[in-house]
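In what follows, a structure is listed as structure tokens, so that the remarks can point back to it.
The values are calculated or read from the model by the stated rules, or taken from the named source; none is laboratory data. Keep in mind it's a predicted model, so treat the numbers as computed, not measured. We place every Cβ from the backbone using ideal geometry, glycine too, and count neighbours over all the protein chains shown. Please note that ligands, DNA and RNA were not included when accessible areas were found on the heavy atoms of the full protein model with its side chains. Shrake-Rupley method; radii C 1.70, N 1.55, O 1.52, S 1.80 Å.
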Amino acid sequence: MSRKLLKIKTNSLSIKLRDSEFRKSEFKRLEEDFLKWNQKAKEIQSKFDFILPNYIIDEIIENEEKKTYFNLYCLINCAVINGMISKKNEKMLKQVYYIT
């Protein structure tokens, strides 16, 4: 095997190993993010005695640092319209997240 070909194969293997290591670290990061997200979702759900739709939980988690809940307001209204939560639960959610 020529030196040039050997060098190309070695470089290719090196790139594949770096790519594999990157993917493993990225997978690990995603797994940690997923576990944190699930923990937050459980904490939010435990505050209520009714089941929150996932899209509402997702919106709460995404905006908990910004404290901007306009989209949450709209999603809560959609959940009421679609029969996913009751009017009573709507009012409770809006009070908890200061959307009144």
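Take the conditions (1) within 25 Å of ASP33 (Cβ to Cβ); (2) of a type outside the set (Ser, Thr, Tyr); (3) outside any loop (DSSP other than H, G, I, E, B); LYS67 misses just one of them, which is (3). Among the conditions (1) assigned to a helix (DSSP H, G or I); (2) open to solvent by 80 Å² or more (accessible area, probe 1.4 Å), the only one that ASN89 does not satisfy is (2). Residue count for segment 43-64 under the criterion of being outside any loop (DSSP other than H, G, I, E, B) and either small (Gly, Ala, Ser) or loosely packed, with under 10 Cβ neighbours inside 10 Å (or both): the result is 1.
Pairing residues of segment 77-100 that are under 20 Å from GLU64 (Cα atoms) with residues that are in a loop (DSSP other than H, G, I, E, B), at Cβ distances under 6 Å and at least 6 apart in sequence or on separate chains, gives ALA79/PRO53; ALA79/ILE85; ASN89/PHE50; LYS94/THR100; TYR97/TYR69; ILE99/TYR69.
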